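Notes to accompany the following structure.
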Amino acid sequence: MKKKYWLMKSEPGEYSIQDLKESEGGIDYWDGVRNYQARNFMRDDMKIGDRVLFYHSGKRPAVVGTAKVVATGYPDHTAWDPQSNHFDKRSTPENPVWFMVDIQFESEFSRPLPLKELRQISGLENMMLLRKGMRLSIQPVTRKEFDIVVKAGKGKS
DNA sequence: GCCAACGTTGGC
DNA sequence: GCCAACGTTGGC
């Protein structure tokens, strides 16, 4: 099984890389995705050992670190919790609609690598994140792109 | 705060 | 099955 590479977006006010880092064992579940394409990636394509670029959207859009997939897709229980703001009555334990994976904190860049800088790095011209109108919260990334971003992120201080 | 791009919903 | 209206995302 070939290792794959991903980018996962989160509003840091909602869930940041620090939250992941500070969770038990650095492991947490990626709940709340309510987009079918992103769901399909988690349910069908993300495998244990896949690497992840952790992206903060919002005020300071930037890649902030890396993580790895430690559990493959399973039902997102927040969808059938009426108290959750990700509640979706169409999803039930018997017939789950939404899925999530577990990821584990791996590294945090010494400083966030802003979206603006990503646009200027050669080799990233075709990166999905940089395409106009791209809102998908989970995106496949090529190995090359992953390596370039990590190298640029680690090189910062 | 604005607004473009996108996904979803619902009337027909 | 089309498409207008609406809500959301997310960069600027």
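The values are calculated or read from the model by the stated rules, or taken from the named source; none is laboratory data. Since the model is a prediction, treat every value here as computed from it, not as a measurement. So basically every Cβ, Gly included, is an ideal-geometry build from the backbone, and we count neighbours across all protein chains shown. Each accessible area value is taken on the protein alone, full model and side chains, heavy atoms only, with ligands, DNA and RNA left out. Shrake-Rupley method; radii C 1.70, N 1.55, O 1.52, S 1.80 Å.
Points worth noting:
- Restricted to region A:1-54, and to residues there that are part of a helix (DSSP H, G or I) and hydrophobic (A, V, I, L, M, F, W, C), the residue that is farthest from A:ARG131 (Cα to Cα) is A:LEU20.
- For region A:30-54, the tally of residues that are among the aromatic types (Phe, Trp, Tyr) and surrounded by fewer than 17 Cβ atoms within 10 Å (Cβ to Cβ) stands at 1.
- Evaluated against (1) in a loop (DSSP other than H, G, I, E, B); (2) acidic (Asp, Glu); (3) touching a helix residue (DSSP H, G or I) at 6+ places or on another chain (Cβ under 7 Å); (4) away from DNA strand C (no atom under 16 Å from the Cβ), A:ASP88 falls short on exactly one condition, (4).
- Restricting region A:117-142 to residues that are in a loop (DSSP other than H, G, I, E, B), surrounded by 13 or more Cβ atoms within 10 Å (Cβ to Cβ) and among the aliphatic types (A, V, I, L, M), the residue that is nearest to DNA strand C (Cβ to nearest atom): A:LEU136
- On inspection, A:PHE109 qualifies as touching a Lys or Arg at 6+ places or on another chain (Cβ under 9 Å), open to solvent by less than 20 Å² (accessible area, probe 1.4 Å) and more than 16 Å from DNA strand B (Cβ to nearest atom).
- Filtered residue count, region A:87-103, keeping only those that are open to solvent by 40 Å² or more (accessible area, probe 1.4 Å) and within 24 Å of A:ARG60 (Cβ to Cβ): 0
- In region A:143-157, residue modelled with the lowest pLDDT [restricted to those that are part of a loop (DSSP other than H, G, I, E, B) and open to solvent by less than 70 Å² (accessible area, probe 1.4 Å)]: A:LYS156
- In region A:95-116, the residues that are over 26 Å from A:ILE48 (Cα atoms) and either part of a loop (DSSP other than H, G, I, E, B) or within 12 Å of DNA strand C (Cβ to nearest atom) (or both): A:PRO114, A:LEU115, A:LYS116
- Applying the condition of being free of Cβ contacts under 8 Å to residues at least 60 places away in the same chain and of a type outside the set (S, T, N, Q) to region A:4-31 and asking which residue is farthest from A:MET46 (Cα to Cα) yields A:GLY13.
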